[in-house]
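Any read-out appearing in this document is the output of simple, stated calculations on the displayed coordinates, not a laboratory observation. Being a predicted model, the structure only gives us computed values, none of them experimental. Glycine also receives a Cβ, built like all others from the backbone with ideal geometry; neighbour counts cover every protein chain displayed.
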Amino acid sequence: MTHGFDLDGRLRQRESADLRRDLAVAERVGDRTRFADDPKGGRIKFGGEAVVFAANNYLGLADDARVQRAAELGARTVGTGAGASRLVTGDTRIHRALERDLAACKGTERALVFSSGYAANVGTIDALSPDVVFSDELNHASIIDGCRVGASETVVYDHCDADDLRAKMAERAEEGASDESWLVVTDSVFSMDGDVAPLELLCDAAEEHGAWLMVDEAHATGLFGEGGGIVQREGLSDRVDVQLGTLSKALASQGGYVAGDEALVEHLVNAARSFVFSTGLAPPAAAAARESLRIARETNQVERLWDNVETLREGLSEMGYDVLGETHVLPVLVGDRTDALELAERLRADGVVAPAIRPPTVPDGTSRIRVAPTATHTAEDIARCLDAFETAGAEVGLL
């Protein structure tokens, strides 16, 4: 008898189901780079340069000189790492400055920065410890895990369906549990479908039952509502109880944040275990995120992104592809998982990196290529992407 773990067997099962993932080493972070297969300790051998349409670096700021200078200044003036939990010695003026800017941008009393968006979701839900979470069926894994850790019960409502949410809340209310704490949680922009949650309708449903609403703006922060997100675009800052997001996508850094009223943030400082028991966000990351937020709010970087999004969406649609969503995330629906994987491979052979997304990440029959343009992709990059999709689509038999 053995009480160990057959990890080789688990890996074989993943491989047989075509679900095993491998690391790919990038030479640099940017719109164009060379890649190598995972060297597993050996020598890295990079191939030819490819154009990357797979990153969440939406504003193209990860290798921006202004952001790099801010990170360098943060390292030189404060340090490369916080050195401890912020409740010990790791709370610095750079953290406070970033939090003030985030709170101002989100229209809240205060903000709190975590080491990652994942930590922010799990820590916040756990600290609130709701009796019931009503969660959109396509919410991110970090929300799902937060519910597993912190919620007594999770009720899943149909994707972006405020009527189904309202019905499930009414059903729960009929059971007579009037003293329960309820939390409605949703992403604002859904990263695999490119669609947007109906936040005003969700606010209405939550308010009818005295529930709180928590919105994860991971894929929206910096891109809507003068840098805030969908909540700000829709003018709902005073109706959303918990605003959350990441610093690692459009803001080109690392970390997560929660924004809300003073009582919420003070409670999280004391009760969110992923904040209390984690070393503070590295000062260079905080400084970089702050500069990226400034660029997003004060320059035309966002407009440049939307110009590229429109060009790509129109070009792909005119070819005959079904492009889902309404945002900067462009899911090109393929359907069959084998076709999607082959399309991604042929795009890669043409020097365009755009990943195939297949079950279980998305439902059966809805495999897709996720295209993510950035503000810094050039007209030549966009044309190369469209040419690759046209050639590869014909080769796979999709066009």
Based on the Cα gyration tensor of segment 124-177, what are the three equivalent ellipsoid semi-axes, each the root of five times an eigenvalue, rounded to whole Å and given largest first? 19, 15, 6
Under 5 Å between amide hydrogens, which residues at least 5 positions from Ala250 or on another chain qualify, with H placed 1.01 Å from N in the peptide plane? Tyr58
How many percent of the alpha carbon pairs in segment 94-147 exceed a separation of 19 Å? 41 percent
Check cross-link reach from Lys40 to the aspartates and glutamates: straight Cα distance under 14 Å, and skip same-chain residues fewer than eight apart. Asp22
Would you mind checking the radius of gyration and Dmax of segment 271-397 based on alpha-carbon positions, in Å? 18.1, 55
Can you spot the lysines whose alpha carbon is less than 18 Å from Lys249's alpha carbon? Ignore those fewer than 8 places along the same chain. Lys106
Segment 65-298 - Rg and Dmax from Cα coordinates, angstrom: 17.3, 59
Over segment 1-86, how many percent of alpha carbon pairs lie in each 10 Å bin up to the one with the longest distance? 13, 23, 29, 23, 11, 2
Report the equivalent ellipsoid semi-axes for segment 213-329 in whole Å, largest first, defined as the square roots of five times the eigenvalues of the gyration tensor built from alpha carbon atoms. 30, 17, 13
Prolate/oblate/rounded label for segment 320-382 (Cα gyration tensor, a/c 1.5): oblate
The alpha-carbon pair-distance distribution computed for the chain, with 20 angstrom bins and whole-percent values, is 26, 56, 18, 0
Among Gly210, Gly227, Gly176, which one shows the biggest mean-square fluctuation in a GNM of the chain, springs joining Cα atoms closer than 10 Å? Gly176
For every helix of n ≥ 4 consecutive DSSP H residues, a contribution of -39,500 (n - 2.57) applies; sum these over the chain, divide by its total residues, and give [θ] at 222 nm rounded to the nearest 500 deg cm²/dmol. -13000 deg cm²/dmol
Give the separation of the Cα centroids, segment 1-51 to segment 304-359, in Å. 23 Å
Considering only Cys160, Thr33, Ser191, whose Cα is most displaced toward the positive end of the charge dipole of the chain, charges sitting on Cβ of Lys, Arg (+1) and Asp, Glu (-1)? Thr33
Long-range HN-HN contacts of Arg110 with modeled amide H, under 5 Å: Gly260
